[in-house]
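The values are calculated or read from the model by the stated rules, or taken from the named source; none is laboratory data. Predicted, not measured: the structure shown is a model, and the values here were computed from it. So basically every Cβ, Gly included, is an ideal-geometry build from the backbone, and we count neighbours across all protein chains shown.
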Amino acid sequence: MKSPLPTVEGQKSSGIPRVGITGGIGSGKSTVCRIFHEALSIPIFYADIWAKKLLNFDPDLREGIIGVFGPEAYTPDGEYNRPHVAKIAFSDPAKLAALNALVHPAMEAESLEWHHHQVELGFPYTLKEAALIVESGGHQYLDFLIVVTAPEDLRIQRVIQRDGVTEEQVQARMRGQLPEFDKLKLADFVIVNDGSEMLLPQIWAVHQEILKGPIEYG
Ligand code: ATP
């Protein structure tokens with residue numbers, strides 16, 4: 001059974017930090033997470049992968065999505081029909097809000113349940129990687145937020161190379177995200193990934209700080 005949507009007090013009481021990692025498209029979130037995982041054995045919750053899983057396999061979510069987007073939201077063989085949903089959601093703000101109101105709480109509950117499981121396995125903290133942590137409000141449930149930063153032109157070039165898309169396509173994706181500046185304001189830690197500083201020492205320093213535990217305010 002899924003956990004209820006957590007309160008800030010509720011999720012911080014375990015004392016094992018939940019850490020978010022975000023940044024603009026192409027900033028290097030996945031690259032940084034890979035190092036946290038491979039060098040430091042930290043478990044990573046990749047929001048994109050889990051969202052796909054939930055949209056395909058969570059019956060309550062499926063029912064809600066069909067209620068908003070119709071039966072075509074799933075293909076005849078039962079798979080989530082992302083192009084159909086995206087086409088409607090991105091041309092109708094109320095439908096986009098309804099989609100977010102269904103997906104975000106389901107993802108929050110799932111990631112909290114996953115976090116508790118990792119805590120039981122003995123990990124010192126967990127990382128949740130999501131491009132839209134701040135946009136979805138998910139950062140308020142986390143103990144720390146890491147923002148990976150790189151200049152926009154470098155991010156665009158990386159994504160063009162990685163995905164074989166055009167600059168216009170990358171910029172269209174960027175328009176769906178808050179400017180990096182707004183994320184940096186909320187960051188507990190910033191990892192600079194512009195090629196001027198090595199990643200491993202920065203990651204090691206952040207790791208050491210997280211191990212000290214959540215910051216106590218007041
Ligand atoms: P998205 O938001 O699209 O998921 P992301 O923030 O997870 O992207 P990555 O996929 O980690 O970004 O990085 C984008 C591309 O840039 C990848 O091809 C990655 O290999 C490359 N890259 C990231 N950081 C560096 C670096 N420091 N040096 C060289 N290449 C890098």
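Here are some notes:
- Residue check for I160: part of a helix (DSSP H, G or I), in contact with an Asp or Glu (Cβ under 9 Å, 6 or more places away or on another chain), closer than 18 Å to T22 by Cα and within 13 Å of the ligand (Cβ to nearest atom): no
- Candidate set: segment 4-36, residues that are modelled with pLDDT under 95 and in a helix (DSSP H, G or I); chosen: the one nearest to the ligand (Cβ to nearest atom): Q11
- Any hit, segment 38-49, residues being more than 10 Å from the ligand (Cβ to nearest atom), among the hydroxyl-bearing types (S, T, Y), at pLDDT 95 or above and not in a helix (DSSP H, G or I): yes
- Per-region count, segment 186-211, residues in a loop (DSSP other than H, G, I, E, B), within 16 Å of the ligand (Cβ to nearest atom) and either touching a residue at least 60 places away in the same chain (Cβ under 8 Å) or not polar (S, T, N, Q) (or both): 6
- Taken over segment 172-183, the criterion of being assigned to a helix (DSSP H, G or I) and surrounded by 14 or more Cβ atoms within 10 Å (Cβ to Cβ) is satisfied by R173, M174, E180, K183.
- Qualifying residue in segment 69-77 (condition: part of a helix (DSSP H, G or I), at pLDDT 95 or above and buried (at least 18 other Cβ atoms within 10 Å of the Cβ)): yes
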